[in-house]
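Inspection log for the structure reproduced underneath, given as structure tokens.
Just so it is clear, none of the values below were taken in a lab; they were calculated from the coordinates. Computed from a predicted model, the values in this text were never measured in an experiment. Note: ideal-geometry Cβ built from the backbone for every residue, glycine included; neighbour counts use all protein chains shown.
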């Protein structure tokens, strides 16, 4: 079995419910969406056998894998998840939720973009919802989102510090009004780590 991998790196989870935890990130190539605020280069990549990926991640003193992208569900299968589970790894995913998520995953973070009703039908229960938010965005009602343990608003970061600050302030205002939401800042950007 092979996966097209853009990069593998070891760092801290920078956002959401597992923020601050050491994790092995496996970024898979490709995405089914073209979000104007996306800050990730998921194009290109190299076809790697699962055994090769395993040999790379064994170098890290961590048992948590985060499958990310792009959109990891375009490639990730139950068979792949089961392979790493047998090797003793816990696995999380960061997905847009447009495709079904495996029950073998230990943690599911979904960031619905544009079509939360559709995402709810595909994945009715997840661990966290993390919505990227720009100033002025409408926050969907909970009846449109999958059921989750955590609901986060995540301000969109841009190259313009003023716009980023406006997005953060807007999220804070929304959370003070809609108190079930929590703020998720991308701390990896604040402390300049990958």
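Please work out the FRET efficiency for the pair residue 142 and residue 169, using the Cβ-Cβ distance as r and a Förster radius of 25 Å; give the result to the nearest 0.05. Could you put the intermediate results ahead of the total?
Values: r = 23 Å, r/R0 = 0.92.
Approximately 0.60, to the nearest 0.05.
Quick check on the chain: of the DSSP beta bridges with both residues there, what percent are antiparallel, nearest 5%? About 30 percent, rounded to the nearest 5. For the chain, the longest principal axis of the alpha carbon atoms and the long axis of helix 161-177 meet at an angle near 70°. Per-residue Cβ neighbour counts within 10 Å put 52, 98 in the sequence 52, 98, beginning with the fewest.
For a footprinting-style exposure proxy, rank 177, 27, 144 by other Cβ within 10 Å, fewest first.
On the way: 177 9, 27 20, 144 13.
Neighbour counts put them in this order, fewest first: 177, 144, 27.
Apply the a/c threshold of 1.5 to the C-alpha gyration tensor of the range 77-194 and tell me whether it is rounded, prolate or oblate. Because a/c hits 1.5 or more and a/b fails to exceed b/c, the range 77-194 counts as oblate. Sorting 185, 162 by the number of Cβ atoms found within 10 Å of their own Cβ, with the fewest placed first, yields 162, 185.
With R₀ set to 22 Å, the beta-carbon distance separating residue 9 from residue 52 gives a calculated FRET efficiency near 0.90.
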